[in-house]
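Okay, so here's the structure we're looking at.
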Amino acid sequence: MYRQKRLFLLILSLFLMMSGSILNAQQVQDSLIITLDQAIEIALEESNSIKIADLTIKKSGYAKKGSYAALYPNIAASGSYQRTIKKQIMAMDFGGQAMEIEVGKWNNVNAGISASMPLINAQLWQSLKLSALDVELAVEQARSSKIAMVSKVKQSFYAVLLAQQVYEVYKDVYENAASNLERTEQNYNAGKTSEYEYLRAQVNVKNTEPNVYSSLLAIDLAIWQLKAVMGVDLNEKIGVQGEIDQYKDDLLAYNLMAEDTDLENNSSIVQFKLQQQQIERTIKMTKYQYIPTLSASFSYNYLAMGDDFNFKWYPYSVAGLTLNIPLFNGFSKHNSIRQYEATQDIMELNLEDTERNLQIAFKNYENQIATCMKNYSAAESTLEMAQRSYDIAEKMYQLGKATLLELNDAQLALVQAQLTMSQAVYNFMVTKAAMDELAGKEE
């Protein structure tokens with residue numbers, strides 16, 4: 001029975017140890033291995049949100065060009081044909097004798113061209129400036145989408161690296177547990193250890209298996225999330241290059257006191273200010289409705305009439321100026337201006353609240369980074385002692401001078417130190433990405 005258990009555990013151990021190697025080999029062979037920069041580049045090219053933002057810029061640009069059309073002459077050609085069904089009768093009195101005369105021709109043709117353009121229209125000029133602000137707002141919204149996308153890709157990429165690091169740690173734990181089981185079984189068969197120690201070694205192997213499986217699944221899920229953020233096909237096989245510990249130098253070199261807390265480039269702040277400018281332009285545009293407008297017009301026409309189609313064309317043309325002076329419209333413009341001014345006050349209060357909330361969020365990120373740095377420092381100082389403690393406990397266990405429980409305790413302390421260091425680096429990089437997004441940094 002013990003031989004069967006031993007064979008089963010050895011096969012299981014071999015399977016789990018090979019699973020990670022097979023997974024990595026398949027990633028290298030079948031998957032597209034990408035760096036963080038490549039992941040960001042793909043996301044900016046493939047993400048629908050980025051495409052929508054770019055199309056919005058184009059849309060606003062076309063709208064701006066369309067608004068400038070009002071400055072150019074509006075030229076139109078026209079033509080008409082009328083067939084008289086019954087001519088008009090005019091009654092006249094000539095020398096006391098009544099006469100009835102048919103008026104008009106059976107065929108009437110009119111053709112011509114007309115043009116008009118504004119000469120003085122202050123409201124129109126303000127609307128053109130308002131259209132330019134629409135384009136600026138669309139550009140800023142696109143920048144906001146790109147900044148948010150970069151932050152999401154970074155955080156998803158770091159999550160994959162952390163999941164891979166956790167898997168490597170748990171795989172090492174399993175391999176150590178399987179190795180200890182093999183030595184314990186040898187000592188048990190030789191009568192050098194108790195059945196309790198042997199059973200405890202078996203249980204220890206069993207307890208490490210779920211962590212290996214769950215960490216493998218966590219890698220797969222993290223990669224799926226990365227693909228979703230990048231906007232690529234979820235069936236596309238990709239892998240990531242690097243490891244989370246490679247960013248520990250960034251954590252160690254980070255100077256929290258030198259961090260700039262200026263939020264002027266924050267996209268929400270910039271958009272608020274652009275919207276305030278839009279309201280200001282709208283108020284000016286409404287006020288300019290009190291100013292008279294002047295426009296010019298010109299038309300050149302041909303007129304032909306006849307009972308048959310042997311027409312003789314008669315041209316005529318006119319040119320003129322039209323002056324429109326607004327006098328009274330029931331206080332409509334006055335109330336519109338007051339409405340826009342109230343909206344302006346509301347936006348100012350919202351901007352103040354937004355700035356306060358962003359400052360709070362920035363301070364929270366600073367505290368999180370400080371915590372990450374302290375956790376890493378504590379885990380780093382603990383790791384060397386935990387590793388040394390585990391090595392000593394393993395030697396003593398091999399010599400029969402320590403119990404499996406003591407070895408497990410030493411290994412647990414080592415694993416906790418390793419995972420705490422990796423988790424601290426991951427938390428630092430994720431928080432730093434969120435802080436850069438908050439500050440409006442585009443790198």
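Things worth noting here:
- Of all the options Pro118, Pro292, Pro315, the one that moves most in a Gaussian network model of the chain with Cα springs shorter than 10 angstrom is Pro315.
- Hull-based mean projected area of segment 246-399, where the convex hull spans the alpha carbons, in square nanometres: 25.6
- Solvent exposure of segment 338-443 as accessible area per residue, Å², 1.4 Å probe: 57
- Coordinate range of the alpha-carbon atoms in segment 351-398 per principal axis, descending: 67, 13, 5 Å.
- Extending 7 Å from Cα along the Cβ direction at Asp307 and again at Ala190 yields two label points whose distance is 13.6 nm.
- Across segment 95-111, rounded Karplus estimates of 3J(HN,Hα) from the backbone phi angles (6.51 cos²θ - 1.76 cosθ + 1.60, θ = phi - 60°) give x, x, 10, 6, 10, 10, 10, 6, 10, x, 10, 6, 10, 10, 10, 9, 9 Hz, Gly and Pro being marked x.
- Value at 222 nm in deg cm²/dmol, rounded to 500, when DSSP H runs of n ≥ 4 in the chain each add -39,500 (n - 2.57): -24000 deg cm²/dmol
- Accessible surface of the chain, 1.4 Å probe, proportion on carbon and sulfur as whole %: 55
- Take every Cα pair under 8 Å whose residues are at least 6 apart in sequence, average their separation, divide by the length of segment 327-443, and the relative contact order is 34 percent.
- Full extension of the chain between Ile113 and Asp172 yields a length gain of 12.5 nm, computed as 0.36 nm times the residue separation minus the alpha carbon distance.
- Surrounding net charge for Lys374, when Lys and Arg each add one and Asp and Glu each subtract one, Cβ distance under 15 Å: -1
- Convex hull per residue volume in Å³, alpha carbons only, for segment 53-180: 239
- Taking every alpha-carbon pair within segment 178-299, the share separated by more than 23 Å comes to 74 percent.
- Between Gln344, Gln246, Gln88, the residue with the greatest mean-square fluctuation in the GNM of the chain (Cα pairs under 10 Å linked by springs) is Gln88.
- Between the C-alpha center of segment 334-387 and that of segment 180-250 there is a gap of 37 Å.
- Note on Thr84 and Glu45: the extension gain reaches 7.5 nm, defined as 0.36 nm multiplied by sequence separation minus the Cα-Cα distance.
- Stretch in the chain that is longest and holds no trypsin sites (Lys or Arg not before Pro) that DSSP places in a loop and that have at most 14 other beta carbons within 10 Å: 88-191
- Degrees separating the helix 36-46 axis from the principal Cα axis of the chain, which is the longest one: 30
- Seen from Thr84, the other residues with C-beta closer than 13 Å to its C-beta sum to a net charge of +1, counting Lys and Arg as +1 and Asp and Glu as -1.
- Taking only the alpha carbons of segment 306-348, we obtain Rg and Dmax values of 25.5, 73 Å in that order.
- Surrounding net charge for Tyr68, when Lys and Arg each add one and Asp and Glu each subtract one, Cβ distance under 14 Å: +2
- Candidate cross-link partners of Lys171 among the lysines, defined by an alpha-carbon separation under 20 Å and a same-chain spacing of 8 or more, comprise Lys206.
- Label-to-label distance, nm, for residues given as Ala69 and Asp409 (7 Å Cα→Cβ offset): 8.3
- Angle of helix 122-189 to the longest C-alpha principal axis of the chain, folded into 0 to 90 degrees and rounded to 10: 20°.
- For segment 265-320, accessible area per residue (1.4 Å probe, heavy atoms of protein chains only), Å²: 60
- Stokes-Einstein D (µm²/s) once Rh is taken as the Kirkwood radius of segment 30-77 over alpha-carbon pairs, at 10 °C in 1.306 mPa s: 112
- Under 30 Å from the Cα of Lys129 - lysines, other chains or at least 8 residues apart: Lys51, Lys58, Lys59, Lys64, Lys65, Lys146, Lys273, Lys284, Lys287, Lys333, Lys441
- Each of Asn207, Val139, Asn189 was scored by the projection of its Cα onto the charge dipole of segment 139-225, and the greatest displacement toward the positive side belongs to Val139; charges sit on the C-beta of Lys, Arg, Asp and Glu.
- Kirkwood Rh (inverse of mean 1/r, distinct Cα pairs), the chain, angstrom: 30.2
- Counting heavy atoms of the protein chains alone, Val103 has an accessible area of about 50 Å² for a 1.4 Å probe.
- Whole-Hz ³J(HN,Hα) from phi, Karplus 6.51 cos²θ - 1.76 cosθ + 1.60, for segment 361-370, glycine and proline x: 4, 5, 5, 5, 5, 4, 5, 5, 5, 4
- Taking one quarter of the surface of the C-alpha convex hull of segment 240-302 gives a mean projected area of 13.3 nm².
- Of all the options Asp233, Asp308, Asp93, the one that moves most in a Gaussian network model of the chain with Cα springs shorter than 10 angstrom is Asp93.
The values are calculated or read from the model by the stated rules, or taken from the named source; none is laboratory data. Please read these numbers as outputs of a predicted model, since none were measured by experiment. Cβ sites come from the backbone with ideal geometry, for glycine too, and all protein chains shown count toward neighbours. In case anyone asks, the SASA skips ligands and DNA or RNA and just uses the protein heavy atoms, side chains included. Shrake-Rupley method; radii C 1.70, N 1.55, O 1.52, S 1.80 Å.
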